[in-house]
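What follows is one structure encoded as structure tokens, with my remarks underneath.
The values are calculated or read from the model by the stated rules, or taken from the named source; none is laboratory data. Bear in mind the structure is a predicted one, so any value in this text is a computation, not a measurement. Every residue, glycine among them, receives a Cβ derived from its backbone with ideal geometry; neighbour counts consider all protein chains shown.
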Amino acid sequence: MNSNTSYSRRGVLSLLAAGAASTLAGCASSSPRPFSATPVAFAPPPQQQLRAGRSPELDAMYGSVVDGGFVIPAVPYWQINPRYYRQQVVDPTGERPGTVVVDTASRFLYLVEPGGTAMRYGVGIGREGFSWEGEGVIQWRRKWPTWTPPAEMIARQPQLAKYSADNGGQPPGLDNPLGARALYIFQGGEDTLYRLHGSPEWSSIGKAVSSGCVRLMNQDVIDLYERVPEKARIVVWQ
């Protein structure tokens with residue numbers, strides 16, 4: 001792909017993707033790309049139901065889930081901006097099917113589908129100085145992962161030493177920062193320390209508040225985990 005094609009695709013994403021408004025070191029942000037319009041929803045929840053704050057579809061999508069021996073609490077989705085609900089949209093990325101695209105500026109993650117659509121998820125991202133951009137591969141993934149904070153994080157937060165690699169990390173569970181699923185991003189065969197992962201902190205979706213990577217609601221990361229192909233390509237834009 002030449003630079004003009006890349007610029008054109010990013011320009012399309014800029015026009016379509018904004019207006020729609022973790023936990024490991026190695027995730028740092030740079031200058032945000034400007035965006036100016038909302039993606040066209042392919043199958044949005046009924047607007048009359050959203051105005052009332054609830055819908056049967058969303059109750060099912062974000063209801064309580066029993067998974068891996070844990071009971072994931074329901075998400076009060078009516079307290080979240082509707083643009084961050086999981087939904088199928090017209091693909092704004094121009095990437096090939098099976099590619100994951102993270103648009104950190106707009107707080108969206110896209111999984112590109114065949115036929116010109118994509119599944120879009122709302123995400124939360126790390127604060128300035130804690131994000132990453134580029135292209136890589138989802139090298140491996142885990143259900144209910146153990147979380148091991150890196151040494152740099154432990155140096156900043158000594159109370160996390162009990163979860164160091166030497167101590168075996170933090171066991172899986174509802175209070176584990178990686179949530180119900182984690183997707184591990186590699187670049188050139190090396191771990192970037194960049195993760196896509198679940199989180200019980202639903203209020204952080206659409207915001208830049210964590211000291212880590214890209215977080216999704218647990219219900220959404222479970223859905224994403226089941227859809228992402230093995231060794232999927234991932235592109236992260238700032």
Does LEU160 meet the test of being assigned to a helix (DSSP H, G or I) and surrounded by 15 or more Cβ atoms within 10 Å (Cβ to Cβ)?
-> yes
When region 80-106 is examined, which residues are found to be under 30 Å from PRO171 (Cβ atoms), modelled with pLDDT of 95 or more and not in a strand (DSSP E or B)?
-> ILE80, TYR84, ARG86
Selection from region 112-125 of residues in contact with a Leu (Cβ under 9 Å, 6 or more places away or on another chain) and surrounded by fewer than 23 Cβ atoms within 10 Å (Cβ to Cβ) yields MET119
Kindly indicate which of GLY122, GLY168, GLY198, GLY134 is under 30 Å from PRO92 (Cα atoms) and either at pLDDT below 95 or polar (S, T, N, Q) (or both).
-> GLY134
Among residues belonging to region 161-197 that are among the aliphatic types (A, V, I, L, M) and under 24 Å from the mean Cα position of the chain (by Cα), point out the one that is farthest from VAL236 (Cα to Cα).
-> LEU174
Of ILE234, ILE222, which residue is among the aliphatic types (A, V, I, L, M), assigned to a helix (DSSP H, G or I), modelled with pLDDT of 95 or more and on the phi < 0 side of the Ramachandran plot?
-> ILE222
Within region 157-216, how many residues are over 20 Å from VAL123 (Cα atoms) and among the charged types (D, E, K, R)?
-> 4
Across region 107-125, the tally of residues that are under 10 Å from the mean Cα position of the chain (by Cα) and part of a strand (DSSP E or B) stands at 8
Sort out which residues of region 180-219 are more than 18 Å from ILE72 (Cβ to Cβ) and assigned to a loop (DSSP other than H, G, I, E, B), and write them in order of number.
-> GLY188, GLY189, GLY206, LYS207, SER211, GLY212, CYS213
For region 69-79, how many residues meet the condition of being assigned to a strand (DSSP E or B) and either buried (at least 18 other Cβ atoms within 10 Å of the Cβ) or among the polar types (S, T, N, Q) (or both)?
-> 1
